[in-house]
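Visitor: Shown below is the structure under consideration.
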Amino acid sequence: MPYVALYRKWRPQDFENLVGQEHIRITLKNAITTGRIAHAYLFAGPRGTGKTSTAKIMAKALNCEQGPTAEPCNHCSNCERINTGSSMDVFEIDAASNRGIDEIRELRETVKFAPVDGRYKVYIIDEVHMLTSEAFNALLKTLEEPPAHVVFILATTEAHKIPATIHSRCQRYDFHRISAAEIQARLADVAEHSELTADTEALSLIAEHADGGLRDALSILDQCSVLENECITADTVRQLLGLIGQEWVYRLTAGMAERDARSTLVTLDELIALGKDVRQIMLELSLYIRSLMLYKAAPDEENITMYSQDKAVLSEQSAKFSHDELADIIQTLHEAANEVKWAAEPRITAEIALIAICRRAGSQDIAALMERIAELENKVSALSSGQTIVRQAAKQSAPQLEIDSVRSQSQKRGSIAQPEHVPEKTAENAATIPPGGAKLKEVWAAVLQELIHSGKRSVHACITQGSLIQLDDKQAIVRFTAAFPKERTEKEDYRAIVEKIFMQVYGKAVQLNCILGTEAPKPPSPSAEPKVSPAEKPPEIQHPAVKQALMMFGGKVVQQEENK
């Protein structure tokens with residue numbers, strides 16, 4: 001007797017043996033029992049979840065000699081013919097190879113004839129989404145008003161490709177992916193009755209990688225039984241499926257957790273040397289990182305399928321990552337897995353992804369930054385109480401300081417615009433830090449703290465690379481060790497902000513002078529153009545809107561000569 005594959009031999013023959021589709025089993029049994037049999041059904045769902053098997057069970061239930069019945073006997077002549085595929089009343093049509101309008105016209109011609117042996121003629125059209133638009137249109141009228149003795153059952157894995165006109169003429173049943181636990185239980189039952197010996201870990205691994213399809217799981221079990229004659233183990237399954245194994249995944253994850261690019265790349269090299277597929281490595285690694293993320297979010301949840309069920313390992317390795325890190329790592333691995341499919345050298349893509357993960361900015365870097373900020377705040381808080389008075393006085397005299405700052409910027413730009421009626425400084429609005437006696441470190445710390453307090457963190461990050469080495473009534477000299485922060489601080493926008501902060505803290509309108517390394521400080525630059533008294537200003541410059549713009553943005557007004 002020829003060998004029959006396990007998925008064919010163990011195809012469910014009645015509703016009771018239908019695995020993982022309880023909602024469909026109950027609904028169809030009730031419909032048959034009450035006589036509410038529809039003329040057209042649409043079975044939609046992933047592959048290997050029982051769509052075609054349910055269609056055949058439905059055909060037997062309608063044509064069984066004991067029926068129509070929700071429990072076909074599988075022993076009468078009608079049931080046996082349907083099981084062997086020799087029934088004259090059940091037609092299985094593969095829409096992938098019979099997708100044209102001619103085949104549908106032929107079907108319409110045979111529909112009108114009465115059944116030969118049973119009560120109903122059942123047309124099972126598999127992969128119905130493959131039909132052409134013309135074929136669907138030819139099927140519409142027959143599908144809407146078929147003869148009383150005809151039942152259509154359409155099966156598809158891509159229900160979104162079915163026209164709405166077909167949907168509206170069918171009762172739709174959505175088949176769910178079968179859970180790993182249900183697949184594992186079914187595999188254990190099949191192995192027992194097929195005289196196969198398989199470890200529980202091996203069956204669990206098969207169930208996890210079947211992706212919700214029982215047919216795929218039975219096919220894998222069938223292959224493993226050929227590969228291993230004695231006992232099917234987890235290693236047998238990994239060898240057959242090309243899986244890299246949990247121990248290797250744990251090693252890769254440990255390297256990424258420690259940001260050890262060297263050990264991570266060495267592990268990757270060993271896996272590739274063993275012949276493992278690069279894309280499979282990325283996919284399994286992402287599945288395990290997903291398990292860490294889910295365990296970290298819900299450690300007590302038992303119903304979520306995970307790559308690893310070892311709680312001790314999950315607890316240990318998930319503690320080394322933050323939630324944001326795990327999400328970013330999964331995204332990086334998925335992008336690498338997609339790129340590997342088209343890359344000329346998949347290995348390079350994987351190495352780039354792993355190095356990027358090992359060099360990620362994580363919680364340790366943030367913690368170090370927070371320590372630096374806390375240390376700076378402690379230094380600032382240790383200043384004399386007069387520093388607080390200075391800040392309060394500076395805020396109270398903000399309008400005056402703003403005018404002085406605008407005047408200082410305007411002088412540097414050579415602007416001819418000067419604010420009018422600038423009040424003289426008094427003891428009340430002047431800063432309390434004496435310009436000549438203030439300590440450089442205290443003033444510098446107060447300037448840095450005020451930048452953070454005012455929300456100028458980008459300016460703070462740049463100027464903190466330097467140090468204040470000289471301060472007098474005219475200029476503040478800041479020495480930098482690197483060229484980029486010096487050049488950026490000298491830009492007009494950063495310079496204006498820093499000089500304004502110095503005004504608030506020091507009480508004097510000083511000019512910022514940035515130097516690099518050991519170069520000598522430059523003297524403060526004088527104003528490029530002479531001051532213009534308000535009486536000499538053009539009327540356009542004395543306009544209130546122009547004054548306000550100059551106070552807010554600085555710059556100068558240039559009159560445009562008319563073309564003669």
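Visitor: Suppose we filter segment 259-298 for residues that are basic (Lys, Arg), crowded, with 18+ Cβ neighbours inside 10 Å and part of a helix (DSSP H, G or I); how many remain?
Guide: Looking only at that region, the number is 2.
Visitor: Could you please let me know if THR200 is among the β-branched types (Val, Ile, Thr), under 34 Å from the mean Cα position of the chain (by Cα) and buried (at least 17 other Cβ atoms within 10 Å of the Cβ)?
Guide: When the stated conditions are applied, THR200 does not pass them.
Visitor: Further question on the same structure: Would you pick out the residues in segment 299-337 that are in a loop (DSSP other than H, G, I, E, B), free of Cβ contacts under 8 Å to residues at least 24 places away in the same chain and of a type in the set (A, V, I, L, M, F, W, C)?
Guide: ILE304, MET306, ALA319
Visitor: Take segment 67-101 and flag every residue that is among the polar types (S, T, N, Q) and outside any loop (DSSP other than H, G, I, E, B).
Guide: Matches in segment 67-101: SER77, ASN78, ASN83, THR84.
Visitor: Quick one: what pairs do we get from segment 454-466, first residue assigned by TED's automatic domain parsing to the domain that holds TYR494, second surrounded by fewer than 21 Cβ atoms within 10 Å (Cβ to Cβ) and in a loop (DSSP other than H, G, I, E, B), C-beta under 8 Å, 6+ apart or different chains?
Guide: GLN465/THR481; GLN465/ALA482; GLY466/THR481
Visitor: Follow-up question, since we're still on this one. So in segment 374-388, with the set limited to residues that are part of a helix (DSSP H, G or I) and touching a helix residue (DSSP H, G or I) at 6+ places or on another chain (Cβ under 8 Å), which one is modelled with the lowest pLDDT?
Guide: Per the criteria, the residue is GLN387.
Residues are listed down the side, and each one gets a yes or a no for (1) crowded, with 16+ Cβ neighbours inside 10 Å; (2) closer than 18 Å to ASP216 by Cβ; (3) among the charged types (D, E, K, R); (4) assigned by TED's automatic domain parsing to the domain that holds ILE220:
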position	(1), (2), (3), (4)
ARG11	yes, yes, yes, no
GLU16	no, no, yes, no
ILE24	yes, no, no, no
THR34	no, no, no, no
HIS39	yes, no, no, no
GLY48	yes, yes, no, no
LYS56	yes, no, yes, no
LEU62	yes, no, no, no
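Visitor: Test ALA254 against the stated conditions and say whether it is modelled with pLDDT of 90 or more, farther than 24 Å from VAL278 by Cβ, among the small types (Gly, Ala, Ser) and part of a helix (DSSP H, G or I).
Guide: Working: modelled with pLDDT of 90 or more: yes; farther than 24 Å from VAL278 by Cβ: no; among the small types (Gly, Ala, Ser): yes; part of a helix (DSSP H, G or I): yes.
Against the criterion (modelled with pLDDT of 90 or more, farther than 24 Å from VAL278 by Cβ, among the small types (Gly, Ala, Ser) and part of a helix (DSSP H, G or I)), ALA254 does not qualify.
Visitor: Check whether at least one residue in segment 179-200 is in contact (Cβ under 8 Å) with a residue 12 or more places away in the chain, in contact with a Lys or Arg (Cβ under 7 Å, 6 or more places away or on another chain) and hydroxyl-bearing (Ser, Thr, Tyr), and report yes or no.
Guide: No: zero hits.
Visitor: Continuing with the same structure: Tell me, which helices (runs of 4 or more DSSP H) wholly within segment 105-217 include 1 or more residues that are on the phi < 0 side of the Ramachandran plot and touching a Cys at 6+ places or on another chain (Cβ under 9 Å)?
Guide: 133-144, 200-209
Visitor: Just to verify a result, which residue in segment 454-468, among those that are touching a strand residue (DSSP E or B) at 6+ places or on another chain (Cβ under 8 Å) and closer than 16 Å to PHE502 by Cα, is surrounded by the fewest Cβ atoms within 10 Å (Cβ to Cβ)?
Guide: Once the filter is applied, the top-ranked residue is SER467.
Visitor: Among (1) within 22 Å of LYS439 (Cα to Cα); (2) modelled with pLDDT of 85 or more; (3) touching a helix residue (DSSP H, G or I) at 6+ places or on another chain (Cβ under 8 Å), there is one condition GLY507 misses while meeting the rest; what is its number?
Guide: Against the list (1) within 22 Å of LYS439 (Cα to Cα); (2) modelled with pLDDT of 85 or more; (3) touching a helix residue (DSSP H, G or I) at 6+ places or on another chain (Cβ under 8 Å), GLY507 comes up short only on (2).
Visitor: Oh, and also: For segment 71-81, does any single residue satisfy the condition of being surrounded by 16 or more Cβ atoms within 10 Å (Cβ to Cβ), in contact (Cβ under 8 Å) with a residue 40 or more places away in the chain and not acidic (Asp, Glu)?
Guide: yes
Visitor: Oh, and also: Can you tell me how many residues in segment 470-485 are exposed (fewer than 14 other Cβ atoms within 10 Å of the Cβ) and under 24 Å from ALA509 (Cβ atoms)?
Guide: The total comes to 4.
The values are calculated or read from the model by the stated rules, or taken from the named source; none is laboratory data. As the structure is a computational prediction, the values presented were derived from the model and not from experiment. Counting neighbours? That spans all protein chains shown, and the Cβs are built from the backbone with ideal geometry, glycine included.
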